[in-house]
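Undergrad: Have a look at the structure that comes next, please.
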Amino acid sequence: MELLINTYMAEIMAVSTIAVFMAVLPGADFVMVTRTSIYNGRLAGFYTSLGMCLSVCIHASYSIAGLAVVIAKSAWLFNLIKYLGATYLIYIAWQLLTTRALLNTEQNNQTVQISPFAAIRLGFTCNILNPKTSIFFLSIFTQMVSLDTPLIMQVGYGLIIMLAHFIWYIGVVLLLSHPNILPRFNRHKQKVDQVAGFVLMLIAIKLILVNSI
């Protein structure tokens with residue numbers, strides 16, 4: 001195993017570096033985790049992050065299976081993923097932008113509880129339909145990973161990417177749900193929703209306007 005790691009150390013370093021940048025760069029996933037942590041609480045933020053990590057496993061699985069190459073060479077399939085993702089983001093953005101203000105300050109300072117399944121579904125759907133994530137995996141497994149790379153190493157790359165996302169988003173959840181920080185956001189929940197909706201709408205429009213592959 002040590003020999004295998006040494007042989008593919010260059011790939012490991014490249015994948016790890018890009019995985020960290022991919023996780024940290026702001027996007028639809030970051031907006032969703034941020035909004036959920038503030039509005040629905042720490043536990044919901046954790047479950048949303050878990051849903052995103054499960055989605056990353058799906059992306060890694062189809063990439064390892066070779067479907068990434070098929071998607072990369074199929075303009076209509078890639079565009080289908082892109083437009084599905086943009087449509088979902090527009091739907092979520094519209095919901096956030098049309099959220100009505102709560103009636104009183106006491107209610108406004110309370111977190112709105114959602115079930116673990118709903119939070120996981122939210123994170124999973126956001127990530128699985130996120131074209132940015134699809135493009136990331138397409139570039140990793142069609143450009144940076146050699147066709148001769150053993151299956152166990154490719155699985156390892158998928159785990160590295162998933163771990164990078166999990167660590168980053170859990171950190172975001174812990175920070176935003178901290179007792180000294182959360183009350184400040186709670187006083188402006190509707191503004192948070194409106195900003196999140198506006199950002200998601202911009203991301204969706206940008207996706208639609210991006211040229212096809």
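Undergrad: Can you pull the three principal axis extents for the Cα set of the stretch 1-51, in Å, largest first?
TA: Extents along the principal axes, in whole Å: 47, 21, 12.
Undergrad: So, one more: Tally Lys/Arg at +1 and Asp/Glu at -1 over every other residue whose Cβ is under 13 Å from the Cβ of Ala119; what's the total?
TA: Every neighbour counted, the sum reads +3.
Undergrad: What is the sum of charges, Lys and Arg at +1 and Asp and Glu at -1, for the other residues whose Cβ falls under 13 Å from the Cβ of Ala86?
TA: +3
Undergrad: What is the fewest-to-most order of Ile140, Ile81, Ile5 by other Cβ atoms lying within 10 Å of their Cβ?
TA: Result, fewest neighbours first: Ile5, Ile81, Ile140.
Undergrad: Rank these for me by crowding, Phe136, Phe198, going from fewest to most other beta carbons within 10 Å. Before the final figure, lay out each step's value.
TA: Details: Phe136 21, Phe198 14.
Least to most surrounded, the residues fall as Phe198, Phe136.
Rule-based calculations on the coordinates, nothing more; no lab input. All values reported here derive from a predicted model rather than from experimental measurement. As a convention, Cβ positions derive from the backbone with ideal geometry for all residues, glycine included, and neighbour counts pool all protein chains shown.
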